[in-house]
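The values are calculated or read from the model by the stated rules, or taken from the named source; none is laboratory data. From a predicted model like this one, the values you see are computed outputs, not experimental measurements. All Cβ positions, even for glycine, are placed from backbone atoms using ideal geometry, and neighbour counts span all protein chains on display. Protein only, heavy atoms only, side chains kept; ligands, DNA and RNA dropped before computing areas. Shrake-Rupley method; radii C 1.70, N 1.55, O 1.52, S 1.80 Å.
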Amino acid sequence: MAGFMLGAAGMFAVTYSTQAILPQLGRAFHVSPAEAGLTISVVVLALAAGAWIWGPLSDRYGRKHAIVLASTLLVAPTIGAALAPSFALVLAFRALQGLCMPGLLTAGVPYITEVFTPRIGGRAMGNYVTALIAGGLIGRVGVALLAAGLGWRWAIGLLAVLPLAAAIVMRRSLVDLPIAPAEGSRFSGVRRQLRNRRLLQTTAAGSAFFFTFVGTFSYVVYRLERPPFSFGPAAGSAVFALWLLGVFGPGFGTLADRIGWRRLAFSAIAVAALGLAVTLPAHLPTLVLGLALVTLANWGGVTAAQIGVAEATDVDRGTASALYYSIYYFTGALGGYLPGLAWERFRWEGVAATGWIALALAATALALGPRR
């Protein structure tokens, strides 16, 4: 899985490369916190739209081709975002990045299901989530540290090395699966998955986890800049080191094999809700502990949801993955913006409240879902 995990890590590093430097972008282009958060939202909105291109394409023309091509195409807009002279152009290049990324995501989950899961079970999905976590650490902590020393443009521009290297390695290392015969037209596969109740409910739950996670970590950097914390960008970005808890990713996959992905998801909802409550006091130890609980819950919940998506269908898996990720990332786009509005009016309590609402919706979706 090494080449595939490198591609996943590179993609995720680029996705959230602006999250830890939102205050710097706001000062550079004279935009508000919610507007700076659009550098996250526009990526995930474009990703949601692009999923409908790359998912069916991987069903028709092969997973490996989609994954390698997407990683290659990601290089140019990553450099463009670093060189953009205006905020509007930053958003435009970020949108182009988002259109490239679904090739690594919507083809990635069915690729894992077809190549790796038969050999190592749920641990394969856990390994994939761990690779995403590693990329997230690079995109957040790495970018914040580089931005403090070299400036934010160099910090996000240097990330182009990752998808370029990944494309070269994956072209040589990934197994090229035979293409399954198509059942009906491309649109019949879409209609079939839109009627898949299990898939839709799993998607709703996974999306709620993502909304909570994006909102929490996008706006905690603003809280850390204010009293009583008063941290600078580099020090504030240290909270993203909590992503190291992603080493438990393979363990979450194994746990899902034992207790079922649905029970794992319910447990993750409870842990995330508790974590948000623990972050409320203005004390660094409780804030870090709460963020750690939210982080663990997110990785457990997302791993559970992705396993649920894999179990939801045996056909048109690329299309099913496209449906999941389009809704998942559209919700994530809202998570990059709506909590910002809550922050501007209610500060951290507002951000926490948006997370609780999303988690309540996730619990409702899972409770209404069919059981095997």
Worksheet item: For P(r) over Cα pairs in 20 Å bins from 0, in percent, the choices are (i) 28, 61, 11, 0; (ii) 28, 56, 15, 0; (iii) 32, 60, 8, 0; which was calculated from the structure?
Response: (iii)
Discussion item. To the nearest 20 Debye, how big is the dipole of the stretch 51-205 about its Cα centre, given +1 on the beta carbon of each Lys and Arg and -1 on that of each Asp and Glu?
Written reply: 340 debye
Worksheet entry | Extension gain from Ala353 to Ala241, taking 0.36 nm per residue of separation minus the Cα-Cα distance | 37.9 nm
Worksheet item: Of the listed peptides 4-11, 34-41, 141-148, 270-277, what is their order by residue-averaged count of other C-beta atoms within 10 Å, with the highest listed first?
Response: 4-11, 34-41, 141-148, 270-277
Item to complete: Heavy atoms only, probe 1.4 Å: what % of the accessible area of the chain goes to carbon and sulfur, would you let me know?
Response: 69 percent
Worksheet item: So, by mean Cβ neighbours within 10 angstrom, what's the order for 239-249, 63-73 with the highest one leading?
Response: 63-73, 239-249
Fill in: Over 16 Å [Cα-Cα, the stretch 1-49], rounded percent
48 percent
Worksheet item: From Cα coordinates alone, what are the radius of gyration and Dmax values for the stretch 218-271 in angstrom?
Response: 16.1, 45
Worksheet item: If you put +1 on each Lys and Arg Cβ and -1 on each Asp and Glu Cβ, how big is the dipole of the chain around its Cα centre, in Debye rounded to 20?
Response: 440 debye
Worksheet item: What is the diffusion coefficient of the stretch 162-313 in µm²/s, taking the Kirkwood radius over Cα pairs and the Stokes-Einstein relation at 10 °C with a viscosity of 1.306 mPa s?
Response: 88 µm²/s
Discussion item. Can you order the peptides 348-359, 123-134 by their average number of other Cβ atoms within 10 Å per residue, highest first?
Written reply: 123-134, 348-359
Practice prompt. Take each complete run of DSSP H in the chain, measure how far its Cα atoms stretch along the helix's own axis, and keep only those covering 30 Å or more with mean Kyte-Doolittle hydropathy at least -1.0; list them.
Written response: 38-61, 197-225, 284-312, 348-368
Discussion item. With every protein chain kept in place and ligands, DNA and RNA left out, what is the accessible area per residue of the chain? Probe 1.4 Å, answer in Å².
Written reply: 38 Å²
Worksheet item: Over the Cα atoms of the stretch 50-202, Rg to Rh with Kirkwood Rh, two decimal places?
Response: 1.02
